[in-house]
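To start, the structure itself, in structure tokens.
Derivation of every value follows stated rules applied to the coordinates shown; laboratory data play no part. What you see is a predicted model, and the numbers here were worked out from it, not measured in a lab. Here Cβ is always computed from backbone atoms with ideal geometry, including for glycine, and neighbour counts include all displayed protein chains.
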């Protein structure tokens, strides 16, 4: 039986974007790294309480709070604040995103991580592994409930994309000359959606999507200096900045 390890997303621009999905092996490796970090933090918390002579009910309470923070807040904080990546996922080149390709939010992250308890049953993530194997998008129960997927992005590719995403800071007078009155608020929302999720897209699909959007929007923008050379992606980022400043 063949399992799919890719999904397609239909964008508002009429393009179909393919996203590579993580399988059981890479997800297990990422989870093992995160578990090692969390275990170290838990042991450290226990040692600290012991060294400072905290005992009895206070120690139990502090340890319970520490356990909650390390086992749940750890994942939610990294997924929401670090682009869907815990340290383990960053090391293995994975990223949690919504099934629409957009960045994961706080509520979705809380849901998928709370249901990790069910996915762990009866032990060693057997329920989660079985669900990943039988779902077309390699989702465990937490992913199904939260509407998320785990995307694959090899570390070399991630480094290239990160370098490409560093945008040049334009001079204020350069942006001030842009006439963006023909660009609508919906256009701005579409640009921002692309910029937010571009890191999870394959490099070829990312370039093609940026090219199509820029070709549609460049004729609507006036006042761009003739000697200002911008790539399609940089143009979209600068356009979003200029339009937002005038909104």
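Of the peptides 197-204, 239-246, 94-101, how do they stack up when ordered by the mean number of other Cβ atoms within 10 Å, highest first? Spell out each step's value before the answer.
Details: 197-204: 19.5, 239-246: 17.6, 94-101: 21.0.
The packing order, highest mean first, is 94-101, 197-204, 239-246.
Report, in whole Å, the centroid distance computed from the Cα atoms of the range 103-154 and the range 208-230.
39 Å
Relative contact order for the range 6-153 using alpha-carbon pairs under 8 Å, separation at least 6, rounded to a whole percent?
Relative contact order, the range 6-153: 27 percent.
With Rg and the Kirkwood Rh both taken from Cα atoms, where does Rg over Rh land for the range 81-156? Don't skip to the answer; put the middle values down first.
Values: Rg = 12.0 Å, Rh = 12.6 Å.
Radius of gyration over Kirkwood radius for the range 81-156 works out to 0.96.
Taking the Cβ of each residue in 213, 7 as the centre, tally the other Cβ atoms inside 10 Å and list the residues starting with the fewest. It would help to have the intermediate numbers written out before the result.
Numbers: 213 23, 7 18.
Going from least to most buried by this count: 7, 213.
Using C-alpha positions alone, give me the convex hull volume of the range 6-153 per residue in cubic angstrom. Show your work: numbers first, answer last.
On the way: hull volume 16.5 nm³, N = 148.
Value for the range 6-153: 112 Å³ per residue.
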